[in-house]
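Some notes on the structure that comes next.
The values are calculated or read from the model by the stated rules, or taken from the named source; none is laboratory data. Predicted, not measured: the structure shown is a model, and the values here were computed from it. Please note: Cβ atoms are built from the backbone with ideal geometry, for glycine as well, and neighbour counts cover all protein chains shown. Only protein heavy atoms, including side chains, enter the accessible area calculation; ligands, DNA and RNA are left aside. Shrake-Rupley method; radii C 1.70, N 1.55, O 1.52, S 1.80 Å.
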4 protein chains.
Amino acid sequence: MSMNSFGHLFRFTTWGESHGPALGATIDGCPPNVPLTPEMLQQWLDKRRPGQNKNMTQRNEPDAVKILSGVFEGKTTGTPIQLMIENTDQRSKDYGDIANTFRPGHADITYYQKYGNRDYRGGGRSSARETAARVAAGGIAREAIKALVPGLEIKGYMVAMGEMEIDRTRFDWDAIDKNDFWIPDSAAVQNWEDYLQDLRKAHDSVGAIVEIVARGVPAGIGAPIYGKLDTELAAAMMSINAVKGVEIGEGMNAARLKGSQNADEIFLGNDGAPVYSSNHAGGILGGISSGQDVVVRFAVKPTSSILTPRQSIRKDGSSAEVITKGRHDPCVGIRAVPVGEAMMACVILDHLLLHRGQIGVNQGIIG
Amino acid sequence: MSMNSFGHLFRFTTWGESHGPALGATIDGCPPNVPLTPEMLQQWLDKRRPGQNKNMTQRNEPDAVKILSGVFEGKTTGTPIQLMIENTDQRSKDYGDIANTFRPGHADITYYQKYGNRDYRGGGRSSARETAARVAAGGIAREAIKALVPGLEIKGYMVAMGEMEIDRTRFDWDAIDKNDFWIPDSAAVQNWEDYLQDLRKAHDSVGAIVEIVARGVPAGIGAPIYGKLDTELAAAMMSINAVKGVEIGEGMNAARLKGSQNADEIFLGNDGAPVYSSNHAGGILGGISSGQDVVVRFAVKPTSSILTPRQSIRKDGSSAEVITKGRHDPCVGIRAVPVGEAMMACVILDHLLLHRGQIGVNQGIIG
Amino acid sequence: MSMNSFGHLFRFTTWGESHGPALGATIDGCPPNVPLTPEMLQQWLDKRRPGQNKNMTQRNEPDAVKILSGVFEGKTTGTPIQLMIENTDQRSKDYGDIANTFRPGHADITYYQKYGNRDYRGGGRSSARETAARVAAGGIAREAIKALVPGLEIKGYMVAMGEMEIDRTRFDWDAIDKNDFWIPDSAAVQNWEDYLQDLRKAHDSVGAIVEIVARGVPAGIGAPIYGKLDTELAAAMMSINAVKGVEIGEGMNAARLKGSQNADEIFLGNDGAPVYSSNHAGGILGGISSGQDVVVRFAVKPTSSILTPRQSIRKDGSSAEVITKGRHDPCVGIRAVPVGEAMMACVILDHLLLHRGQIGVNQGIIG
Amino acid sequence: MSMNSFGHLFRFTTWGESHGPALGATIDGCPPNVPLTPEMLQQWLDKRRPGQNKNMTQRNEPDAVKILSGVFEGKTTGTPIQLMIENTDQRSKDYGDIANTFRPGHADITYYQKYGNRDYRGGGRSSARETAARVAAGGIAREAIKALVPGLEIKGYMVAMGEMEIDRTRFDWDAIDKNDFWIPDSAAVQNWEDYLQDLRKAHDSVGAIVEIVARGVPAGIGAPIYGKLDTELAAAMMSINAVKGVEIGEGMNAARLKGSQNADEIFLGNDGAPVYSSNHAGGILGGISSGQDVVVRFAVKPTSSILTPRQSIRKDGSSAEVITKGRHDPCVGIRAVPVGEAMMACVILDHLLLHRGQIGVNQGIIG
């Protein structure tokens, strides 16, 4: 069953374990004639890569991606693209008690219950290292989008981390790429960093909220009823490790609003396309893009791998106290930013391809 | 493309428009030999049906379901089941200006932009009437689950509506089926009703949060990475009309927690199965069920069809003021409860079927 | 599981049993804005319909198709189209021993072995009545093809029936629609009819070979490796009741040829498109259309329902002698012609849709 | 789109080009806990491998398969298995005129028409080297089948090659593995070899017919209507390079039979399971296995790469005479044997998995 695959026309399957020889993604359905080099993908992998700054785990993986198929003379051919990232920093170590102990908050116990086995080396398939493959696939999606809809831009940023929250009145799109937290407010960075370092020193971790925005998405992509653009984004984001909630536009807060507050009123823009008084809808109506910014948010839980001892059990049923040593991010939300961007890119490309060449369709121009 | 289909092994496709001759669902993959009668499905349709009480639209549709195929001598045969619900209350009326006007907050404009056409009769395919077909499909899923895992129970209830919110300390599972709001607190019902009637009189509407719980789900169902149980539930719930956010377990609030708070510690139960100190995870670890209650929540936006005038445009680009007369629910959250339950039932059945008969698998018993 | 579905972008699911209340097809993915009326579909159903002449079963079903959804103001909307054909000629009868006996050559025994149950009324789901739903779906595909590639033509005809075989040197495309056997040679019709009536009087039946040709298919549709145009056509035709073999172009005879004989040499045509010296390939190279006629052939076995007694067993294991009375075609190949045409139309449309709007693609013009 | 994928629950995607760095298969859905080593797969790759004897191309590829994921401590984990075969014999050469010339009978021209580009190195993606990946995937399927249905056996053999045809009265199952042609008659081997060497010397090639049999397949696998076992086998075999026809049981010859001849009569066997008087059906009734041998045959066309000159055109439209030098099999049927076996194994496993754990099903025992 294609449980490790995502997408319809642009479809990728990820494979590989945290500590196996390699991991990667098989991409089927990338359009032909898209310029593609490993360097184009590497920039996004570098953004996700561990060990870049002190807010991240110091595990040092170059995460160098190789393109094994589907590209000839610098362009995609339209046949499957195989991406491979070799695991180079597989420290030889004694897993000892961990091999038989189920870490709380991890998938150790449920994988064991499902499969009757468990690859205990760094979480095996359930490790967040799998997201490197998505980021690479997302890099391909970005290049194909560029060829189809030149101005389309996708960007993610953190909006909350434990007690920290961004001030929307100070939102600065250009600040995002200039700090380690990908937050849209340069002045807040020091506070966020101090907060996180304190948590790390307290042997603890914290959750976060990430927002991903796609600007310049044409009206009319997406598809009712079960292939709605918001449905696919919800699935895309919920599939990321540690995610516990997904919101489109107003999100959970919509429950608190009245109909008179929530309506995005419609006007005619100068170019003949509709414009809206607000974007409570997050750019999606009835599962189809409206031409406004597509806005999705997701919450990641705090890293379960902490130095504070937690109670658990072993395979033989005996009690165990678990302290997860090793190199772990105190807040996985930081690295979830490029992963969320990649998933947004894959969903948008997939629906651009699904919508291409419709019969007699009016691309959003009214009047 | 199967954009109107949901599920893997238990797969349904819904069809039909709000004001066409009929709507329904085609179900492929229901196991054979499951006892099934229209009455078994009718009970859930009746729960969702409009016009039952004054908190709902007074549109009076009997929503009587017919089984056209796949059942012989009172049992499923294993071949496709066709369910049909005829639309009987199609009031003949003059749609007038509505046929050319895009209602704010509705899919009118995006359907028009996507397809270059629009069935303006009651929203056409984008109408929430489509959810009747899901509820019927969910009724089949419930019967099949009964045959596979007898004790498994699925129940939904509202937890918030505008300013109203349930008091978790007064949670009463048995109260849920005894009030029009499906809330787990009989004493709160009058307040909720007064609040909603005030809104209705003010020509307004309001959003809500619905929670769906599945009890007795065996450990080990679900599937990494893109077919995670939580991923599928997120897609299932986000596909419901008006839903803007989906949460599993702790949900968006996970962003505010520390790792030391969020860990569900593991102990050995008397029956040799694991027990947990808490359920922040919502019954799912790494996309696979842990045997705890599976808990999902979703927010619905306030009904966009209100009597308060909103600005919009017509197909010719001219300005229009929209007041939606007619019979509309002031809070669609109430009727979203059986829809959410149906989607939960479909996802659970699908994954029970996917997991059946694995080789050498240990059903959650440790020690 | 979507075992009752066919196609990728243009995807239909058939449902219904021979003697249930109705049967039909759910079509998801038909492009919007295609003109569509029941009459457009009825012509193809009438071609397949039983009881038209003495070479067919005299079961008299009007096979009137209703469109329940997906069409508004005479055009497809882009949402699912539900087609329903009510079963009107369900003669009330005593199935007697048949309900417990497995007819040789039928699916009675294997359905029972697979599902642990059996709808014995006229074969239930395994009846060739299911093909009426395909023919209706194929009628939609033909209308959509017309909108996309105006000149494309699809036609089927019989090329062999028992000892009868067409003389290719007398092939007459225009004769096909003018005789009850759909054969391309008017002068041969009487012989074929005499042959079949003799078999019928001898209480026997016979197999046949049907050929389906698509003319005007643009070069470049189809998709390696498992979605090849020939792969999809093989699946499409093999899925038709009674089919035991499928050939593309030269077919099984290719085994007897040498490479020097089989090569279709390539030349440049006056319009700049390639022309070929021959069409051993059947219009498909590497799974992709070349612009030549797409040619597929399939063999149907002789009807298993005959008046000549055959040995079998009952559900309780006892021996039974089976004579199938009732109204059966002595050669199902005749009615397989419109079914094969319908499947060809569905496959071609699906791949036209898959190919639309590729980036930087050269539609077959060389030089 | 998953055009490079095959299967439902056991699903593989192949990737890679003839002369790229590597090719392989991504397998999703293999059951957990199946013992698996590279050696288990290597035996089948060695059977398919070029250069083994003088009837094959002398291209010398070790075709050594690596398992990059999905196996831990010698057993499958249930997560995706990545298989990689590096291309070691990529002779550096000047492709010269071939890069711009379309070889007759090859996919060169249609790939160019579809994608607007072409990887001319050895046929790129359209090369039969892709089948190495299938053979490896089939090796995994065989191991999983062993764990599920121990006695099930799958074997392929040639039944015809040009003018050569096997004598069914001399059929010897044990002879198959003992000769270079995989034919079931040791005495015929020398004739076949002489015939093929004469063709090679005449700079020509020839087609062939391969038959694949699965013995011990339990009754009840397969699934109507579009997921029939015969439908899937037809697709599986037609997807193999050079295949032009597929037959089940009686195949195309069924067209020549009468109903009284074709019926496989049914009796009760000593073990309570049905036995049949004959196997015209090829082990499949209504798309579902009957417990008899499953028999499929396919024809491969003669190799298009021959030393005899053929007319063609170049990208610029000019005429070209094509002689394909290099290392090519005079009859690709020989190497198609293990490929057909692999596809049979994949289809059988997939349907065994789909059928597992049905409710109230009677595994073929009658009475």
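Side notes on the structure shown:
Here's the yes/no breakdown for (1) facing chain D (nearest Cβ under 9 Å); (2) in contact with an Asp or Glu (Cβ under 6 Å, 6 or more places away or on another chain):
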{"position": "C:Tyr95", "(1), (2)": "no, no"}
{"position": "C:Ile98", "(1), (2)": "no, no"}
{"position": "C:Ala137", "(1), (2)": "no, no"}
{"position": "C:Arg142", "(1), (2)": "no, no"}
{"position": "C:Ile154", "(1), (2)": "no, yes"}
{"position": "C:Gly162", "(1), (2)": "yes, no"}
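- Any hit, the range C:96-103, residues being open to solvent by less than 10 Å² (accessible area, probe 1.4 Å), more than 30 Å from B:Met3 (Cβ to Cβ) and part of a loop (DSSP other than H, G, I, E, B): yes
- Residue match in the range D:158-168 (condition: of a type outside the set (D, E, K, R) and farther than 18 Å from C:Ala254 by Cβ): no
- For D:Arg142, the criteria (1) buried (at least 21 other Cβ atoms within 10 Å of the Cβ); (2) free of Cβ contacts under 8 Å to residues at least 60 places away in the same chain hold in every case but one, which is (2).
- Residues in the range A:127-139 that are out of contact with any helix residue (DSSP H, G or I) (no Cβ under 9 Å at 6 or more places or on another chain) and open to solvent by 10 Å² or more (accessible area, probe 1.4 Å): A:Ser127, A:Arg129.
- Selection of the range C:29-38 for residues being within 10 Å of another protein chain (Cβ to nearest Cβ) and open to solvent by 10 Å² or more (accessible area, probe 1.4 Å) yields C:Gly29, C:Asn33.
- Contact map, the range A:311-323: residues that are in contact (Cβ under 8 Å) with a residue 12 or more places away in the chain and closer than 16 Å to B:Gln261 by Cα paired with residues that are part of a strand (DSSP E or B) and open to solvent by 10 Å² or more (accessible area, probe 1.4 Å), Cβ distance under 6 Å, separation 6+ or inter-chain. Pairs shown: A:Ser312/A:Val322; A:Val322/A:Arg310.
- Criterion: among the basic types (Lys, Arg), at pLDDT 95 or above and surrounded by fewer than 24 Cβ atoms within 10 Å (Cβ to Cβ) - qualifying residue of B:Arg215, B:Arg200: B:Arg215
- Test result for C:Gly124, under 30 Å from C:Glu86 (Cβ atoms), open to solvent by less than 20 Å² (accessible area, probe 1.4 Å), of a type outside the set (Asp, Glu) and in contact (Cβ under 8 Å) with a residue 24 or more places away in the chain: yes
- Taking the range C:319-334 as the range and being hydroxyl-bearing (Ser, Thr, Tyr) and more than 8 Å from every other protein chain (Cβ to nearest Cβ) as the test, only C:Thr324 passes.
- Answer residue from the range A:1-21, given it is hydroxyl-bearing (Ser, Thr, Tyr) and part of a loop (DSSP other than H, G, I, E, B) and is nearest to the other protein chains (Cβ to nearest Cβ) among those: A:Ser2
- Condition check for C:Ala208: open to solvent by less than 30 Å² (accessible area, probe 1.4 Å), small (Gly, Ala, Ser), within 14 Å of chain D (Cβ to nearest Cβ) and out of contact with any strand residue (DSSP E or B) (no Cβ under 6 Å at 6 or more places or on another chain): no
- For the range B:231-245, residues that are open to solvent by 10 Å² or more (accessible area, probe 1.4 Å) and over 22 Å from B:Arg125 (Cα atoms) total 1.
- Filter result for D:Ser278 (in a loop (DSSP other than H, G, I, E, B) and facing chain C (nearest Cβ under 7 Å)): no
- Filter result (within 14 Å of another protein chain (Cβ to nearest Cβ) and either over 21 Å from the mean Cα position of the chain (by Cα) or part of a loop (DSSP other than H, G, I, E, B) (or both)) within the range D:165-182: D:Ile166, D:Phe181
- Tally, over the range B:243-275, of residues that are among the charged types (D, E, K, R) and more than 7 Å from chain A (Cβ to nearest Cβ): 1
- Filtered by the rule that a residue be touching a Phe, Trp or Tyr at 6+ places or on another chain (Cβ under 8 Å) and either in a strand (DSSP E or B) or of a type in the set (A, V, I, L, M) (or both), the range D:298-319 gives D:Gln311, D:Ser312, D:Ile313, D:Arg314, D:Ser319.
- Listed conditions (1) surrounded by 15 or more Cβ atoms within 10 Å (Cβ to Cβ); (2) away from chain C (no Cβ under 14 Å); (3) modelled with pLDDT of 80 or more are all met by B:Gly51, apart from (3).
- Condition met for A:Tyr111 (away from chain B (no Cβ under 12 Å), in contact with a helix residue (DSSP H, G or I) (Cβ under 8 Å, 6 or more places away or on another chain) and under 20 Å from B:Ile288 (Cβ atoms)): no
- Of all residues assigned to the range A:246-267, none qualifies as being closer than 26 Å to B:Arg125 by Cβ, surrounded by fewer than 23 Cβ atoms within 10 Å (Cβ to Cβ) and among the β-branched types (Val, Ile, Thr).
- For the range A:222-234, the criterion of being modelled with pLDDT of 95 or more, assigned to a loop (DSSP other than H, G, I, E, B) and more than 9 Å from chain B (Cβ to nearest Cβ) is met by no residue.
- Search result, residues across the range B:153-192 that are over 24 Å from B:Thr303 (Cα atoms), in contact (Cβ under 8 Å) with a residue 60 or more places away in the chain and crowded, with 19+ Cβ neighbours inside 10 Å: B:Ile154
- Any hit, the range A:279-290, residues being surrounded by fewer than 24 Cβ atoms within 10 Å (Cβ to Cβ) and small (Gly, Ala, Ser): no
- Residue ID - nearest to the other protein chains (Cβ to nearest Cβ), chosen from residues in the range A:281-310 that are touching a residue at least 60 places away in the same chain (Cβ under 8 Å) and at positive phi: A:Gly286
- Taken over the range D:64-78, the criterion of being of a type in the set (Lys, Arg) and within 24 Å of the chain's Cα centre (by Cα) is satisfied by D:Lys66 alone.
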